[in-house]
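Below: one structure, written as structure tokens.
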Amino acid sequence: MGEFNSTYLTTSPEPQRDDPPIIEAKNLTKVYKMGETEVHALRGVSLRVWKGEMVSVIGQSGSGKSTLLAILGALDVPTSGSYRLDGREVASLNDDQLAEIRNQRIGFVFQKFNLLPRNTALANVALPLAYAGLSNREANRRAAEVLRLVGLGDRLDHRPNQLSGGQQQRVAIARALVNQPSIILADEPTGNLDSATGKEIMELFRTLHRERGITLIIVTHDPNIAAQSERIIRLKDGLIEYAEEVQTA
Amino acid sequence: MNFLRNFGIAIDALLANKLRSGLTMLGIVIGVASVVALLSIGNGVQQSINSQITSIGTNLVTVVPGQVRIAAGPPTNQGIRAPTQTRPLTDADANAIRERVPNLLGVAPELTSNNVTVAFQREKILITARGVTVDYNRVRNLEIAQGRWFDAAEDERASRVAILGSDAADALFGGLNPIGQTIRISNAPFTVIGVTVPVGAGFAGNPDTSVFVPLQTAYRTISNARTATGARRVSVIYISALSSDDIPRVEREVTQVMRQQHAIREGEEDDFTVLTQQQFLSLAGSITGILTLFLGSIAGISLLVGGIGIMNIMLVSVTERTMEIGLRKAVGAKKRTILMQFLVETVTLSLIGGTFGILLGVGAALLVGATGIIATTITLESIVLAVSFSLAVGLFFGIYPANRAANLQPIEAVRYE
Ligand SMILES: Nc1ncnc2c1ncn2[C@@H]1O[C@H](COP(=O)(O)OP(=O)(O)OP(=O)(O)O)[C@@H](O)[C@H]1O
Ligand SMILES: [Mg+2]
């Protein structure tokens, strides 16, 4: 590991496992209509992810990575295709059930952190707990605990603009972690950070993955980051690119 | 997500943009203030008219000649119609009522003579002279400020005594004490024995600008006033019932007596009219009710405009906060939670605005009342109305923006810059 050039990173084979995948997408397409023109962001993506895997999604800009991740995170709906999460067809769920999945099952980490600017780090992390119906006290207690875990125990009352980029992303990761989801989806979580800070964040993800068995899907441009994962999915023009011949090179 | 938390979020969001929240609130403040102020003016006018009506006498039943209609209905039928055909009332009518209708507080006929010259030394004024009986001050609620009312003997003897209304006394005597002074009424000399307490203009003439003399004296000195048959004429007969519950009976029996007096056959229409305060009150009530409704609707329109302002700002706010809303949904907020968050925000805005509006409106009403030009009465109902109206405005105009926010997709958290 470590000497990879991005051109050598290709879609890896699925693991051979007997248990059912927790994520199972078949023929996902996503079409954006912009007036007369249609943008085919996804054109038939099928993939399966098993519990405890760490997967990276790579591909050129515009290849559909963010689109795919948003669908997997139940933040957006595909134009066609099927997406099963824990064996349940997501398209068949109602709004409340989707809210519960976003709240309990999946933690989403955004490239731009997406923290509420007027809230403290503690309040930002406590937000999913509030929506889960916890009392303020309990929510704050657990939020503080998770902030300590990501190394921000001394920054609870800081607002986002009083934190560095890396610290803000740690807050966002803490927010994604706080309801103890089994899946974390991160869309270029280090994209807005310098490489040293990016390394720290990746170290945090790997620790979480290793110690808690969290399933991780990380979208990235960075071949070094992709190389750290167990499996790579490469997208090109809205499709998964299998390039066996490159892999052998 | 409980209400308190939503309230906290709402306060926070409102504080994030203080100037904007304040300006938005201003619309509601002005709307509610004008509802409170204008309704209190409407109510004040209503009350002052009512008190004028009740001040003309206690449980008063009035007989006037001719057919007079008081009706509260469509504007064209409203008001007091001029008498159609006139057969005068006489003091014999008054006596008959006194004798044949039992249990009355008093019966007080009045002979009204307008534009009578009343003079004291060089001072001369034209006022209304009222020839009345001893019962009159009791029936009409007239109180004596100075001196005394005349007695029955003075009426019988046709004594030349006079009681002045307060304004008339002022005009004639200025600062001087009128009691015991001699004035000339239609050139006949009278001794002033009393001055009444001011009551203000009412529905049945203004006692303050009148001079009262005994009825028999009036016949001799001011107006002979005989009917074609030679009976002594009176202008109006005031009757005071013992209680307001008794008014319908008195009205009925007075009508009977009057019909007999005037020899009206069955099926024929009355040539007189028995009026009660209730009729005046309900007429005045329907007029002032329209006034209050009118003022209230004007105020309501400004509240509506304030509500549209709220909606406008909330729509801007929803657009501006697309990232926030998307993020909240992305971490598990349900549709109705977002809906509630924004509804609580508009309702908080309109309720705080409503509170300031009530303070401003009450202040304005007190200020208007203090000028003395228009009476104002601040009623609890108008405040409750204003609060519930502003609450309703907040809800009504908040629903649409809140619904918009609730229907945003969580993907907006990523997409929106
Ligand atoms: N809301 C949208 N409306 C129209 N087209 C869109 C929208 N979002 C994405 N697209 C288009 O869909 C395609 C895939 O976009 P996507 O954001 O998934 O790419 P990406 O792989 O994440 O790129 P990057 O690495 O730059 O983030 C692009 O061509 C993009 O222009
Ligand atoms: Mg992207």
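The values are calculated or read from the model by the stated rules, or taken from the named source; none is laboratory data. Here the structure is a predicted model, which means the values were calculated and not measured. Cβ: placed from backbone, ideal geometry, glycine included. Neighbour counts: every protein chain shown. Just the protein is used for accessible areas: all its heavy atoms, side chains included, with ligands, DNA and RNA removed. Shrake-Rupley method; radii C 1.70, N 1.55, O 1.52, S 1.80 Å.
Given axes a ≥ b ≥ c from the Cα gyration tensor, I'd like to know whether segment A:106-160 is rounded (a/c under 1.5), prolate (a/b larger than b/c) or oblate. Judged from the Cα gyration tensor, segment A:106-160 comes out rounded (a/c under 1.5). Inter-chain neighbour count for A:98-107: the average number of beta-carbon atoms from partner chains within 10 Å of each residue's beta-carbon is 4.
Placing pseudo-labels 7 Å out from each Cα toward the beta carbon at A:R48 and A:S80 gives an inter-label distance of 2.3 nm. Here the accessible area of segment A:19-248 is 46 percent carbon and sulfur, with a 1.4 angstrom probe and all protein chains present. Only bridges with both residues in the protein assembly as shown count here: give the DSSP antiparallel percent, nearest 5. Within the protein assembly as shown, antiparallel bridges account for around 70 percent of the total.
Distance distribution note for the protein assembly as shown: the fraction of Cα pairs above 34 angstrom is 64%. Of the GluC sites (Glu not before Pro) found in segment B:252-295, those in coil by DSSP whose Cβ has at most 12 other Cβ atoms within 10 Å are B:E266, B:E268, B:E269. Residues whose amide H lies under 5 Å from that of A:K51, counting only those 5 or more places away or on a different chain, are A:I22; hydrogens are built 1.01 Å from N in the peptide plane. Sorted on the mean count of surrounding Cβ atoms within 10 Å across their residues, most packed first, peptides B:129-142, B:15-28 read B:129-142, B:15-28.
Bridge orientation summary for segment B:88-261: considering DSSP beta bridges with both residues in this region, about 75 percent are antiparallel.
Using the Cβ-Cβ distance between B:T379 and B:R100 with R0 = 41 Å, the FRET efficiency computed as 1/(1 + (r/R0)^6) comes to roughly 0.40. What is the percent of Cα-Cα separations in chain B that go past 38 Å? Of all Cα-Cα distances in chain B, 46 percent exceed 38 Å. Derived scalar couplings between HN and Hα for segment A:185-194 equal 10, 10, 9, 6, x, 10, x, 9, 10, 6 Hz in order, rounded to whole Hz, by the Karplus curve 6.51 cos²θ - 1.76 cosθ + 1.60 (θ = phi - 60°), x for Gly and Pro. So how far, in whole Å, is the C-alpha centre of segment A:110-157 from the one of segment B:165-239? Comparing the Cα centres of segment A:110-157 and segment B:165-239, I get a distance of 88 Å.
Per-residue ellipticity at 222 nm computed for the protein assembly as shown from its helices equals -15000 deg cm²/dmol, with DSSP H segments shorter than 4 residues left out and the rest contributing -39,500 (n - 2.57). Determine the distance separating the Cα centre of segment B:13-67 from the Cα centre of segment B:94-164; give it in Å without decimals. Result: 38 Å between the Cα centres. Its residue count N fixes a reference of 2.2 N^0.38 Å for chain A, and the Cα radius of gyration divided by that reference is 1.01. Cross-linked pairs A:K51/B:K329; A:K33/A:K199; A:K199/B:K18; A:K199/B:K329; A:K199/B:K334; A:K26/B:K335: Cα-Cα separations exceed 31 Å for A:K33/A:K199; A:K199/B:K18; A:K199/B:K334.
Sparsely packed loop sites in segment A:198-230 (the trypsin sites (Lys or Arg not before Pro) outside DSSP H, G, I, E and B with at most 12 other Cβ atoms within 10 Å) do not occur. Backbone amide hydrogens, once placed in the peptide plane, bring A:G59 within less than 5 Å of A:L235, excluding anything fewer than 5 places away on its chain. Rounded to the nearest 20, the size of the Cβ-charge dipole of segment A:19-248 about its Cα centre is 520 debye, with Lys and Arg at +1 and Asp and Glu at -1. Orientation-averaged projection of segment B:88-261 equals 10.0 nm² [convex hull of Cα atoms, one quarter of hull surface area].
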